[in-house]
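The structure appears right after this line, and notes come after that.
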Amino acid sequence: MKTSCVRPLTLALLLLPASLAAAPQEQPAASPNSVRYEIRYMDMHAAEVLAWDQCIQKARCRVAALTVNDSKVKGFLEVLAEPAVHEKIARALAKEDATPRTQRFQLLLMAASEKAGGASSDVPANAQKALADLKGFLPFKSYELLDTAWVSATQDRNADAHMVGRKGQNFRIAMRFRNVGSPADHSLFVDAFQLAVEPYATEPAGPDGKPDHHPGRELIDTTFGLKEGETLVVGTSKVDGVDEALVVLLTAVPAS
Amino acid sequence: MNRQTRDEQLRRLLREADPAADDPGLSREEIRHMRRTVLSAVSEPRRRWGFAPLLMGAATAILLLVLGWTLWLGGFSTAPSRQPVREAVVPPISPSPIFTVQPAAPTLRVTSEKPAAPRSATHRRRPASRKPAAPRTSSPGPVAIAEAETHQIQFSTPGGTRIIWVLTANQTTD
């Protein structure tokens, strides 16, 4: 009984101001609503910019990025916008965030020595400029190409390559990259790059005839940003007492 | 000629020169019509919103009545509260910021303008004695991590090639 009286009065109260305000004004455009988008592969900032670019009236848009540490989801975009803008954002994200980025890397393992030697003519053309810059900058007199490798890597996944050096040494390069560029800018960030020498044995030097065992160890552990088409030089000196430096020329090969 | 005579002469001259002296003027109906036009033009907005204070007063009175009644009945305690339709909540996944390794609180960044460029990660350098956090893939044999102090130097050649050089202070010879 009591509630049956309250409801009509509340309804009348709610309808009264609405009827007063409705007459002289036009009906506004569709009101903004908030939608959460799941970002799986794109860089969060790039996704944020992509969503923001879809907003025609910037004053009526709000974009928030939430990064999560999960293998399946990179993060979420919380977007407050009109329905038409949401449709554009959904289309753009469906196009750009559909598949993980893959990138091919060219790896050149070189030995740099302070002794004069012949010029290494086996260096591919795309790394010639980097090698020329290196020759003019570091005090080494010769560079010898030891091994080459091609790595096709998928973003956020580990990739590795095995390369052969001198005296039976084997090297392992482990790397992982993430996509940090917008769809137009193909920048990437290598968040793990390791060069390690694997365990190996050398020919017996002593009279006992037993081979010398060398444990493996890590030589380089670093991170860096890289642009598609750029060649970066990563190197270390004094490898296992040899007067040589180990140099890796890493090129992010552009997609043809 | 005194002043009064001069005023009468002036008045007479003005009346004689008046071009509308013979005009009979507006009729009574025309005067009423003009008055109606002027008054209606002025009072129209007042008439449109004239009842607004009355309605607002009535609305306020009804609001107070309903509120008082509801409180008196204890309606707030019995009515089920509505949950918010949507809010930006942190998903139940352990979050971490973009360019750090240590787990941290979630980073929720709201932009009302164009999102700013991200922190440049190009020249990021790890601490010298930092434990490696890089991928550990299947390896044919155990790889001992050298307990040596390492330093990294990053520089660019005049030709634009970037170089990262790792210096190991306590390199052991096998």
Computed FRET efficiency, Cβ-Cβ of residue A:92 and residue A:30, R0 22 Å: what is it to the nearest 0.05? 0.70
Partner aspartates and glutamates whose C-alpha sits under 16 Å from that of residue A:141, ignoring same-chain residues fewer than 8 away, are A:114, A:133, A:243, A:244
What span do the alpha-carbon atoms of the stretch A:40-141 cover on each of the three principal axes, reported in whole Å from largest to smallest? 68, 29, 22
For Cα pairs less than 8 Å apart in space and 6+ apart in sequence, what is the mean separation divided by the residue count of the stretch A:147-223, i.e. the relative contact order in percent? 23
Going through A:129/A:227; A:167/A:210; A:115/A:167; A:58/A:227 one by one, the pairs whose alpha carbons sit over 21 Å apart turn out to be A:58/A:227
Under 12 Å from residue A:95, Cα to Cα: aspartates and glutamates that are on another chain or at least 8 residues apart: none
Let me check against my output: what whole-number percent is the relative contact order of the stretch A:30-99, with C-alpha pairs under 8 Å and at least 6 apart? 44
Taking Cα atoms of the stretch A:30-99, Rg/Rh with Kirkwood Rh, to two decimals? 0.95
Taking each pair of different alpha-carbon atoms in the stretch A:125-188 once, compute 1/r for the pair, average those values, and report the inverse of that mean as the Kirkwood hydrodynamic radius in Å to one decimal. 14.7
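Laboratory data are not the source of any read-out in this text; all were calculated from the coordinates shown. These numbers were taken from a predicted model, which means no experiment stands behind them. Methodologically, a virtual Cβ is constructed for each residue, glycine included, from the backbone with ideal geometry; neighbour enumeration extends over all protein chains shown.
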